[in-house]
1. Excluding A:Val272 itself, calculate the net charge of residues whose Cβ lies under 15 Å from the Cβ of A:Val272, where each Lys or Arg counts +1 and each Asp or Glu counts -1.
2. When each copy gets a label point 7 Å from Cα toward the beta-carbon at B:Gly82, what are the spacings between them in nm, shortest first?
3. Any chance you could check the Cα centroid distance between segment A:171-245 and segment B:218-270 for me, in angstrom?
4. Whole percent per 5 Å bin, from 0 to the bin with the longest distance: what is P(r) over all C-alpha pairs of segment B:140-293?
5. Tilt of helix A:2-24 relative to the longest C-alpha principal axis of chain A, in degrees (0 to 90, nearest 10)?
6. Between the label point of A:Ala266 and that of the same position in each other copy, find the distances and list them shortest first in nm, with every label point placed 7 Å from Cα along the Cα-to-C-beta direction.
7. With a 1.4 Å probe on protein heavy atoms only, work out how much accessible surface A and B bury together, total over both chains, in Å² to the nearest 100.
8. Sort shortest first the distances from B:Asp21 to its counterpart in every other copy, using label points 7 Å along the Cα-to-beta-carbon line, and give them in nm.
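The values are calculated or read from the model by the stated rules, or taken from the named source; none is laboratory data. This one's a predicted model, so the numbers in the text were calculated from it and none came from an experiment. We place every Cβ from the backbone using ideal geometry, glycine too, and count neighbours over all the protein chains shown. With ligands, DNA and RNA removed, areas are computed over all heavy atoms of the protein, side chains included. Shrake-Rupley method; radii C 1.70, N 1.55, O 1.52, S 1.80 Å.
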Number of protein chains: 2
Amino acid sequence: MIDRVRRFNRTVTQRIGALNDAFLSSDRSLGQARLLWEIGPQGCDVRLLRSRLDLNSGYLSRLLRSLKDDGLVVVEQSGTDGRVRTAHLTDHGLTERAMLDRRSDDAAASILAPLSVRQRTQLITAMIEVERLLVASTVLVTACNPRHPDARSCLRAYFSELSHRFDGGFDPTRSISADEEELTPPAGLLLVASLHSEPVGCGAVKFHDDARAEIKRMWVAPTVRGLGLGRRLLADLEVHAAANRIRTLRLETNRALDEAIGLYRAVGYHEVLAFNDEPYADYWFEKTLDRSTAPAPNLPDREH
Amino acid sequence: MIDRVRRFNRTVTQRIGALNDAFLSSDRSLGQARLLWEIGPQGCDVRLLRSRLDLNSGYLSRLLRSLKDDGLVVVEQSGTDGRVRTAHLTDHGLTERAMLDRRSDDAAASILAPLSVRQRTQLITAMIEVERLLVASTVLVTACNPRHPDARSCLRAYFSELSHRFDGGFDPTRSISADEEELTPPAGLLLVASLHSEPVGCGAVKFHDDARAEIKRMWVAPTVRGLGLGRRLLADLEVHAAANRIRTLRLETNRALDEAIGLYRAVGYHEVLAFNDEPYADYWFEKTLDRSTAPAPNLPDREH
DNA sequence: TCCATTCTCTGACTTTAGTCAGAGGAATGT
DNA sequence: ACATTCCTCTGACTAAAGTCAGAGAATGGA
């Protein structure tokens, strides 16, 4: 399999690398072209450009100035924060960016051109599949302090989604607690999934004194659904639970959350009688962990 | 569709680009690492390295010397040609190359690691498909003088294959002619398909004075079968024929060539009575070209 | 209010990647 | 045998890519 990945890598970089040379075929350097592209029609904060292109601030500043000198870009103070500067494309810059865009289109078209109609369809289908799974594999799952901004943003999104999907909304204060204290080791654990450092999902476990624990806060952002992320979060939580000598995992859920219910059943949770009085719950599930099959947890730990 | 190709491009270069950084993570420069890799365990002629890495001779020479100075490589006269020099890896060089290999393996594995077993299978399947079709799209079909070395090598391979597959072998002199004269415009046309400048297939058409022409010399190298190349060559020949006011295409073939027969039928050739006395033919086919659907020929012309 | 931090820019660097012209030795065709 | 071509190497360049330390302005928190 690894061999296959490497072979794919070789073929694709060869063919697609040629495609990227469209960027080089202008009289700008690659760095300038990438920057021109990344600024985009709406403009972009310099700090954002720096992180997106992963460039040293001195170097970026210099690139930006060379574009400014050529009249493609203007840089001005950002409205909200006086330290931040925002780059905008001039008309001239927009024209040149449009040319890059057209060249990239042509290059992409030249990949499809030699193929038959049927082959094109097959290629696009396979490309979509590869892309989907590469994105899935890019998602990073890390243990995260619930006070971290990424964690907070996930929990906020989670609550907001519940309040939309539940009949009659959702009020966290009426629900059984899983506060920051309870989701911080050793009391519990919160995992956050991120894609390109944007938080896109979470899941938590709340340990009890006996060998039991509860799964809480399972949420996956709409943009990354269908990538198996829920299953992955759940599996990682189980690994952590097993490492903490947990034998039984329990959870409750609402009938509106049908994908979640399907997931729980699919990975071995079975319905049990209500084990608490959570007002928003319609179903209660339980799973006994099989410690023999539990692999060692190997999650990178994000700085708290 | 073009949009999809570009999106694939973006995702893949991001994810696979990171994989390629395994090469950069050594303390060698990218150029040195690529060279070290390309020399390989068996060693390699310098001229071959130059063409494979597409490097300027001065630059390559310099890179090679830096590796030599570090004791990774030795360069010596090639046995057969005193002008050519051959690079070999020393033990030290082999060790360092093995490290690059291991890093690339690790990087490839890190793409599979976050995925479930099922997702891995899906990814590999889709990767194989993308790769197959990208290779198909990389094949270049060009009109070629039959005296060109590439053309000669294809025709030689074609005859050799016929002599293996036909019962009782194949003797070109007994067969109806399609010599170099007859396959050179305006008498006829030979198309050669190449992959990374290696000839991998051919197909020819021999024009007659009436609006008829014959398809000859259809051959696809075993390494690139299943990529739709035969169909593409045939379609391109038809386009050229139509551009030369040909209305009817004819061809004869041997019963041993079952893939070819299948292809001819699939693209609209129907069997007719023997129209010549080719001793090696078992079937005769004919197709009437529909000029309305013939697109303009857009083949790049290789220098003759 | 003050101090630490953030953000951008500048000058002074280095390394990498690459080009170009030409030299010198070896092979090839006539 | 001789001119031509091929292959490699060298010196002298250039451009791109990037690093580093620090300056100056703005912001945020104690």
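1. That sum, taken over residues with Cβ under 15 Å, equals -2.
2. Copy-to-copy label distances for B:Gly82: 7.8 nm.
3. With segment A:171-245 and segment B:218-270 each reduced to a Cα centre, they are spaced 60 Å.
4. In order of increasing distance, the bins hold 2, 9, 20, 24, 24, 16, 5, 1, 0 percent.
5. With rounding to tens, the tilt is 40 degrees.
6. Ordered by increasing distance: 3.5 nm.
7. 4700
8. Nearest first, the other copies' label points are 2.5 nm away.
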